[in-house]
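Just so you know, all these numbers are worked out from the coordinates, no wet-lab data involved. Not measured: the values here are computed from a predicted model. Cβ placement follows ideal geometry from the backbone for every residue including glycine, while neighbour counts extend to all protein chains displayed.
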Amino acid sequence: MTIHCKRAYAPAAGSDGQRFLVDRLWPRGVSRAQLQAQWLKEVAPSDALRHWFDHRAERWEAFRQRYWQELAARPRRLAPLRDALARGPVTLVYGARDSDHNQAVALRGYLLAHPRRTR
């Protein structure tokens with residue numbers, strides 16, 4: 001399972017596979033044509049959690065845990081990502097400046113820790 005995380009302001013690449021914007025807000029100054037990604041707004045952290053986190057690195061672990069709880073409470077929202085991962089690489093696109101502490105990194109960790117169960 002290959003999951004990349006890439007900033008919305010970086011150009012798309014052939015190795016990205018299917019691209020998904022995982023922000024609640026559309027990145028400023030980036031057109032849909034430039035982004036080349038499907039927007040999964042419902043997978044993004046809640047507004048309350050996003051505002052609380054405020055991209056403060058000292059809140060990273062607590063943010064990650066709370067975000068994972070939100071994801072676990074609504075597993076059907078992850079279906080498009082899980083379906084795409086079954087077909088090949090996926091890139092989670094985000095707008096934050098911090099490449100280490102953002103919702104795409106937390107979501108990648110969640111998907112890797114909780115792979116789709118096969119029946």
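Could you please find all residues in segment 16-34 being farther than 17 Å from Pro89 by Cβ and of a type in the set (A, V, I, L, M, F, W, C)? Hits for segment 16-34 are Leu25, Trp26, Val30, Ala33.
For segment 12-33, give me each residue that is outside any strand (DSSP E or B) and closer than 22 Å to Arg87 by Cα. Can you show your working first?
Let us first name the residues in segment 12-33 that are outside any strand (DSSP E or B), namely 12-17, 22-33.
Once the filter is applied, which keeps residues that are outside any strand (DSSP E or B) and closer than 22 Å to Arg87 by Cα, segment 12-33 yields Ala12, Ala13, Gly14, Ser15, Asp16, Gly17, Val22.
Set side by side, the residues Arg50, Arg56, Arg87, Arg24 differ, and just one is out of contact with any Lys or Arg (no Cβ under 9 Å at 6 or more places or on another chain) and surrounded by 11 or more Cβ atoms within 10 Å (Cβ to Cβ), which is Arg56. From the list Arg97, Arg76, the lone residue that is farther than 14 Å from Val22 by Cα and either assigned to a loop (DSSP other than H, G, I, E, B) or touching a helix residue (DSSP H, G or I) at 6+ places or on another chain (Cβ under 8 Å) (or both) is Arg97. Beta carbons closer than 9 Å, at least 6 apart along the sequence or on distinct chains, pair a first residue in segment 55-72 that is touching a residue at least 12 places away in the same chain (Cβ under 8 Å) with a second that is in a helix (DSSP H, G or I) and among the polar types (S, T, N, Q) for Phe63/Gln103; Tyr67/Gln103. In summary, Asn102 fulfils each of the numbered conditions (1) in contact with a Leu (Cβ under 7 Å, 6 or more places away or on another chain); (2) in contact (Cβ under 8 Å) with a residue 40 or more places away in the chain with the single exception of condition (1).
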